[in-house]
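Please treat every number below as a calculation from the coordinates, not as lab data. Here the structure is a predicted model, which is why all the values come from computation and not from measurement. Ideal geometry is used to build each Cβ from the backbone, glycine not excepted, and the neighbour counts take in all protein chains shown.
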Amino acid sequence: MLNFKHLHYFVSVAREGGIIRAAERLHLAPQTLSVQISQLEERIGVMLFDRKGRRMELTPTGKLALSYAEEIFQTGAELEEILRHGGEERFVTFRVGISDVVPKFVAHRLLAPVLNQPEPVRLECQEDRLERLLADMAIHRLDMVLADRPMPPGTEIKGYSHPLGESAVAILAAPALAKRMKGRFPENLQGQPLLLPGKDSALHTALPRWLERRGVWMQIVGEFDDSALMKAFGEGGAGVFPAATASLADIVAHYTVDQIGVIDEVRERYFLISPERRLTHPATRIVSEHARNALFAGSV
């Protein structure tokens, strides 16, 4: 039978990517942890890690073992929660990766219906770059990923992109900056400061290309991986910024900004990426159905 202490150490090293960082988190000596991992590999007769200097990279067998280990500890946590509450309530865990370029208001609107179902759901959200989220999905750490683009072409990770919908792009600015902008849209953007989403966002190149086609020059003064930080700078008057019209009501309610115009030719698209072609997790089906029937009705 597997030693669960060894299994716990294995998961920690896999998550941290090395012995030293994992040892610090576990409050162990690196030598002690290294011996424990070696004992686990000797016991099962396979190598779980490729040692590359201080880095510990999972072998194909290690990746498979990690997926099972994650499920074991997740099931244990759920069992503990059930026993703590007297077994009266059982919940479904729904682990979602959210690409850091997806606006938080859009992510909230897409995921909120999951918590309104009769069967209790524990929603676990992880925000990161798309490539890292897909890697976590591949080893079953995530049930789905929300992104503003489909699976990158040529990726070796098995996954399927399910379109959720699309939205036009609104151009917003702080009231003081908006008042200084004279003329019709989009000519009134000429020479104005522009805040852009980071390079991972589809808007990072799509919006400047649209402006170039319209003969409008703007000075890019900031780029932001975090869409909320971009909006905060926009509210402070640092520049004009784009936002999906799907989240416009939320943005106007939370930030003091004015709408300058709407660009129908530039679209924000959203995708649900799952490890299976057909959506089998009940919560992923809820997200997909809500997006199609409510949030982006008629857009897909």
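DSSP finds beta bridges in the chain, and of those with both partners inside it, around 60 percent are antiparallel. The candidate values are (1) 48, 45, 36; (2) 75, 48, 35; (3) 61, 47, 35; the one derived from this structure for Cα extents along the principal axes in Å carries the label (2).
Dipole check for the chain: with +1 at the C-beta of Lys and Arg, -1 at the C-beta of Asp and Glu, and the Cα centre as origin, the magnitude is about 580 Debye.
The C-alpha atoms of the chain define a longest principal axis, and helix 30-44 lies at about 70 degrees to it. Positive-end ranking of 246, 117, 217 along the dipole of the chain, with charges on Cβ about the Cα centre, is headed by 217. Checking every one of the chymotrypsin sites (Phe, Trp or Tyr not before Pro) in the stretch 216-300 against DSSP loop status and a limit of 14 other Cβ atoms within 10 Å picks out 217.
Relative contact order of the chain: what whole-number percent is it, with Cα pairs under 8 angstrom and at least 6 residues apart?
On the way: 488 pairs, mean separation 61.7, N = 300.
After rounding, I find 21 percent.
Here the dipole of the stretch 217-300 is about 500 debye; that uses its Cα centre as origin and unit charges on the Cβ of Lys and Arg (positive) and Asp and Glu (negative). The residue 75 and residue 228 beta-carbon pair, evaluated with R₀ = 45 Å, returns a calculated FRET efficiency of approximately 0.85. One Cα centroid belongs to the stretch 23-80, the other to the stretch 191-227; the line between them spans 44 Å. For residue 18, nonlocal amide neighbours, meaning residues 5 or more places apart or on other chains whose placed amide H falls under 5 Å from its own, are 56. Across the options 31, 6, 53, the greatest Cα extent toward the positive end of the charge dipole of the stretch 4-67 (unit charges at beta carbon of Lys, Arg, Asp, Glu) belongs to 53. Taking 18, 154, 183 as the candidate residues, the one with maximal mean-square fluctuation in a Gaussian network model of the chain, Cα springs under 10 Å, is 154.
Placing +1 on the Cβ of every Lys and Arg and -1 on the Cβ of every Asp and Glu, with no other charges, gives the stretch 4-67 a dipole of roughly 140 debye about its Cα centre. With the simple model of a label 7 Å out from the Cα in the direction of the Cβ, residue 212 to residue 59 spans 4.9 nm.
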